[in-house]
Amino acid sequence: MKHDNKQVIKNVALGLFGQKGYEDTSLAEIAKEVGIKKPSIYNHFRSKEDLFAEVIEDLIVSEVKAYRMTEEKMNQMEPLKNIRILFDLFCQRLMTTKEALLWKRVTFFPPEPFKDLIQEQFIHFEEVTTSILVSVYRAGADQGLFQCISEDEFVASFLCLVDGVFLEHHYYTEEIFQQRIESAWKVYALAISSRKGE
């Protein structure tokens, strides 16, 4: 039960930190949302800082798990389809998860005490996505795809594409966002699927 309470506290904190930010979310507010008294939080976390750090770490664990599970379902013989699967996964999680709301907030406005932690977690997540992209690239190269693109260019171009999507989602309605990501994908897909001499 104690473990369950800790997870409930983190789930509530994830939502509130994402909506209001670290500075504007109090432990009292988290406790009220959970349905416990504020001192009960200290049975699980030393401080608000400790709680926030665990939420950020759990966020990355969740993202890595989602990408690794998707990787396991990929057919290595379909690299072009796999890169679209990764793109769709990124967009889907960006639009539907509480983790994405917090990740956007701390990316644009990282709380000063956690800048190093956030950067460390970001790098870890990028290393995971890079390893998946490299596998897709090499499978495609074996089939004669991506001949005009180096491995590094392939990885960098995809990461830049999703970084742009990340920013677009911050400013546009869902309808406009969907239109823009489809347009971006159309151009990107044409570029990576072209062969030498085409």
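The values are calculated or read from the model by the stated rules, or taken from the named source; none is laboratory data. These numbers come from a predicted model, not from an experiment. Every residue, glycine as well, gets a Cβ built from its backbone with ideal geometry; the counts of neighbours run over all protein chains shown.
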Index of the failed condition, Glu126 passing every other in (1) under 19 Å from Leu161 (Cβ atoms); (2) within 11 Å of the chain's Cα centre (by Cα); (3) touching a residue at least 40 places away in the same chain (Cβ under 8 Å): (3)
Within the range 16-33, tally of residues that are closer than 19 Å to Lys98 by Cβ and surrounded by fewer than 17 Cβ atoms within 10 Å (Cβ to Cβ): 9
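Results for (1) loosely packed, with under 13 Cβ neighbours inside 10 Å; (2) over 23 Å from Glu120 (Cβ atoms), shown as yes or no for each residue.
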| site | (1), (2) |
| --- | --- |
| Ala13 | no, no |
| Pro39 | yes, yes |
| Asp58 | no, no |
| Glu63 | no, no |
| Thr70 | no, yes |
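Is one or more of the residues making up the range 33-54 farther than 30 Å from Ile149 by Cα, aliphatic (A, V, I, L, M) and under 18 Å from the mean Cα position of the chain (by Cα)? Even if it seems obvious, please write down each step before you answer.
At the first step, the residues of the range 33-54 found to be farther than 30 Å from Ile149 by Cα are 33-54.
If we keep only those that are aliphatic (A, V, I, L, M) as well, we get 34, 36, 41, 51, 53.
Narrowing further to those that are under 18 Å from the mean Cα position of the chain (by Cα): 53.
Yes, the conditions are met somewhere in the range 33-54.
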If you scan the range 1-25, which residues turn out to be part of a loop (DSSP other than H, G, I, E, B) and in contact (Cβ under 8 Å) with a residue 12 or more places away in the chain? Gly21, Tyr22, Glu23, Thr25
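So that you can scan it fast, the table gives a plain yes or no per residue for (1) more than 28 Å from Thr129 (Cα to Cα); (2) modelled with pLDDT of 95 or more; (3) touching a helix residue (DSSP H, G or I) at 6+ places or on another chain (Cβ under 8 Å):
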position	(1), (2), (3)
Asp4	yes, no, no
Ala28	yes, yes, yes
Phe52	no, yes, yes
Met69	no, yes, no
Met95	no, no, yes
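If we scan the range 118-134, do we find a residue that is within 14 Å of Ile83 (Cα to Cα) and at pLDDT below 95? Can you show your working first?
Keep residues of the range 118-134 that are within 14 Å of Ile83 (Cα to Cα), which gives 129-134.
Now drop any that are not at pLDDT below 95, which leaves none.
Checked against the condition, which is being within 14 Å of Ile83 (Cα to Cα) and at pLDDT below 95, the range 118-134 yields no hits at all.
Please indicate, with yes or no, whether at least one residue in the range 76-89 is in contact (Cβ under 8 Å) with a residue 12 or more places away in the chain and under 28 Å from Lys10 (Cβ atoms).
Step one: list which residues in the range 76-89 are in contact (Cβ under 8 Å) with a residue 12 or more places away in the chain, which gives 76-77, 79-80, 82-87, 89.
Filter again for under 28 Å from Lys10 (Cβ atoms), leaving 86, 89.
Yes, the range 76-89 has at least one match.
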